[in-house]
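The values are calculated or read from the model by the stated rules, or taken from the named source; none is laboratory data. Note that the coordinates shown come from a computational prediction; the quantities given were computed from them, not determined experimentally. Please note: Cβ atoms are built from the backbone with ideal geometry, for glycine as well, and neighbour counts cover all protein chains shown.
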Amino acid sequence: MTAAVGRLEALLTSIYDLRVECRVADYLVTDRQSLPGECRDAPGDEQLFVTAVDDELCMSLYLDPALLERLERRDPHDGLDADNVADCWTALEGVSHFLCVAHHAGHDRTVSRLTLELQAEIDKYVASFLLLRRGDPRRFPAELHALLFRTARVDPVLAAGHEPLYRRASRYAASFCRRLEPRLRELCRREDGCWLADLRRFYRLSDAGKLRHIERLATA
């Protein structure tokens with residue numbers, strides 16, 4: 001695994017104060033031929049494969065080797081910009097899915113595909129904000145929300161028939177992150193750790209609890 005992906009994993013585990021026993025490096029696959037037969041033809045540069053064998057959860061996170069090479073050359077921790085943001089988001093999505101499944105499994109809880117996609121969109125927004133802030137701590141990246149939630153489009157090939165689910169996850173995440181923006185703007189003016197506590201509580205809500213929380217925020 002590249003150092004860049006390891007740093008993205010460390011960033012997410014730090015944001016949510018996660019205590020997971022497994023690490024991406026131990027489950028990372030870069031050769032499609034090493035995947036189960038039915039998974040080798042799956043499209044895209046990132047894919048988390050989860051199966052249950054005798055009540056044991058088995059995971060493999062595929063990341064395309066060319067993607068990893070690009071991230072190693074242009075590590076987002078050294079600067080997030082137009083040249084590496086797409087690769088950063090692809091890797092973040094895979095790492096987010098992996099950590100979310102691992103966290104829920106560690107607490108003997110199931111997690112839905114909708115929640116995985118919703119959490120990944122939120123993770124991309126929050127992680128990107130923190131990465132951009134490294135270069136200019138006092139500037140709030142107002143363009144980030146539009147870039148992630150209005151400019152980005154669901155690829156029907158990658159969605160594989162789940163386009164409505166991805167769009168729903170994006171709508172909920174966009175609403176949540178819009179409500180989070182005032183807290184992040186305040187962070188650009190002065191340090192404030194309360195927003196992290198709120199994010200960590202949200203992360204640990206049930207699937208239905210996350211949706212209800214976002215709906216309440218939207219009507220507040």
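In table form, for the structure just shown:
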{"quantity": "Pairs, first outside any helix (DSSP H, G or I) in the range 142-156, second surrounded by 12 or more Cβ atoms within 10 Å (Cβ to Cβ) and at pLDDT below 95, C-beta under 7 Å, six or more apart", "calculated": "154/163; 154/166; 154/167"}
{"quantity": "Test for residue 9: is it part of a helix (DSSP H, G or I) and either exposed (fewer than 11 other Cβ atoms within 10 Å of the Cβ) or out of contact with any Cys (no Cβ under 7 Å at 6 or more places or on another chain) (or both)", "calculated": "yes"}
{"quantity": "Hits in the range 107-141 - residues which are surrounded by 20 or more Cβ atoms within 10 Å (Cβ to Cβ) and among the aromatic types (Phe, Trp, Tyr)", "calculated": "125, 129"}
{"quantity": "Test: residue 4 is within 21 Å of residue 78 (Cβ to Cβ), modelled with pLDDT of 90 or more and surrounded by fewer than 16 Cβ atoms within 10 Å (Cβ to Cβ)", "calculated": "no"}
{"quantity": "Selection count where residues are closer than 10 Å to residue 45 by Cβ, among the hydrophobic types (A, V, I, L, M, F, W, C) and either under 18 Å from the mean Cα position of the chain (by Cα) or not in a helix (DSSP H, G or I) (or both), scope the range 61-108", "calculated": "5"}
{"quantity": "Condition met for residue 118 (of a type outside the set (Asp, Glu), part of a helix (DSSP H, G or I) and closer than 22 Å to residue 16 by Cα)", "calculated": "yes"}
{"quantity": "Residue 110, sole failed condition from (1) β-branched (Val, Ile, Thr); (2) modelled with pLDDT of 95 or more; (3) over 23 Å from residue 183 (Cα atoms)", "calculated": "(2)"}
{"quantity": "Selection from the range 12-46 of residues that are surrounded by 11 or more Cβ atoms within 10 Å (Cβ to Cβ), of a type outside the set (D, E, K, R) and part of a loop (DSSP other than H, G, I, E, B)", "calculated": "18, 20, 22, 30, 35, 42, 44"}
{"quantity": "Residue match in the range 56-73 (condition: buried (at least 16 other Cβ atoms within 10 Å of the Cβ) and in contact with a His (Cβ under 7 Å, 6 or more places away or on another chain))", "calculated": "no"}
{"quantity": "Condition check for residue 98: of a type in the set (Phe, Trp, Tyr) and crowded, with 18+ Cβ neighbours inside 10 Å", "calculated": "yes"}
{"quantity": "Flag if residue 117 is out of contact with any Cys (no Cβ under 7 Å at 6 or more places or on another chain), more than 21 Å from residue 205 (Cα to Cα) and not β-branched (Val, Ile, Thr)", "calculated": "no"}
